[in-house]
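Notes follow the structure.
Every number in this text was worked out from the coordinates using simple rules, so none of it is lab data. In this text the structure is predicted, and so the values were computed from the model without any measurement. Counting neighbours? That spans all protein chains shown, and the Cβs are built from the backbone with ideal geometry, glycine included.
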Amino acid sequence: MDLLIPETGTIFWSFIGFSITFFILARFAWKPLLKALKERDNSIAQALLAAETAKQEVTQLHSDSEKILAEAKAERDRIIQEAREFKESLITESRELARKEGRKMIDDAREAIKNERAAAIHEIKKQVTELSVAISEKILVQELSDPGRQQEIIEKSLSDIKFN
């Protein structure tokens with residue numbers, strides 16, 4: 001049991017040692033330690049304030065970037081819509097121009113066919129007329145070579161005229 005109960009001398013010298021240590025620490029160490037802790041506390045507070053400011057800036061930058069992204073998407077959509085409208089108008093114009101050109105070509109072809117047909121008919125009539133005259137001439141030469149036959153044709157023509 002002697003080990004559990006300290007002696008008075010030990011208690012006295014322990015108290016003296018503790019008091020000297022406490023005095024030295026209070027006189028020389030506590031102020032610098034408290035000052036260092038206060039500086040650390042201030043630097044942590046400043047770091048937290050800086051972190052909060054940075055967080056607000058990041059939030060602002062994020063909202064700004066979303067706004068810019070939305071504007072860019074809207075601009076992209078507007079440009080795409082304009083391109084589609086331009087494409088549609090270009091296709092419409094091209095189709096209309098092709099239709100006009102096609103109609104013009106068809107009309108020109110019809111006119112050329114009509115002119116060629118008229119020229120062909122005129123040429124055929126001319127050839128038929130020439131052939132008819134040539135045939136009539138040959139027939140008349142043969143028929144009119146005989147004076148009796150000439151008289152008979154004249155009388156027949158006169159009798160046909162009277163009945164018509």
* Asked: Among A29, A45, A74, which one shows the biggest mean-square fluctuation in a GNM of the chain, springs joining Cα atoms closer than 10 Å?
  -> A29
* Over 21 Å [Cα-Cα, the range 62-131], rounded percent -> 64
* Spin-label point model (7 Å from Cα, Cβ direction): what's the I11 to M105 distance in nm? -> 12.6
* Asked: For R84 and L140 in one chain, what is 0.36 nm times their gap in residues minus the Cα-Cα distance, to one decimal in nm?
  -> 12.0 nm
* Helix hunt in the chain: which complete DSSP H runs extend at least 20 Å axially by C-alpha with mean Kyte-Doolittle at least 1.6? -> none
* How far is the Cα center of the range 22-50 from the Cα center of the range 108-164, in Å? -> 139
* Would you mind telling me which residue in E85, E130, E96 has the biggest mean-square fluctuation in a Gaussian network model of the chain, where springs connect alpha carbons within a distance under 10 angstrom? => E130
* Would you calculate, for the chain, the mean residue ellipticity at 222 nm contributed by helices, counting each DSSP H stretch of 4 or more residues as -39,500 (n - 2.57) and dividing by all residues, to the nearest 500? => -34000 deg cm²/dmol
* Take the chain, connect every pair of alpha-carbon atoms lying under 10 Å apart with a spring to form a Gaussian network, then pick out the residue of S89, S63, S43 with the largest mean-square fluctuation. => S43
* To do: For K73, list the lysines whose Cα falls under 25 Å from its own Cα; do not include residues on the same chain fewer than 8 positions away.
  => K87
* Could you list log10 I(q)/I(0) for the chain at q = 0.10, 0.13, 0.14, 0.20 Å⁻¹, which the Debye formula gives when each Cα is one point scatterer? -> -0.90, -1.03, -1.06, -1.25
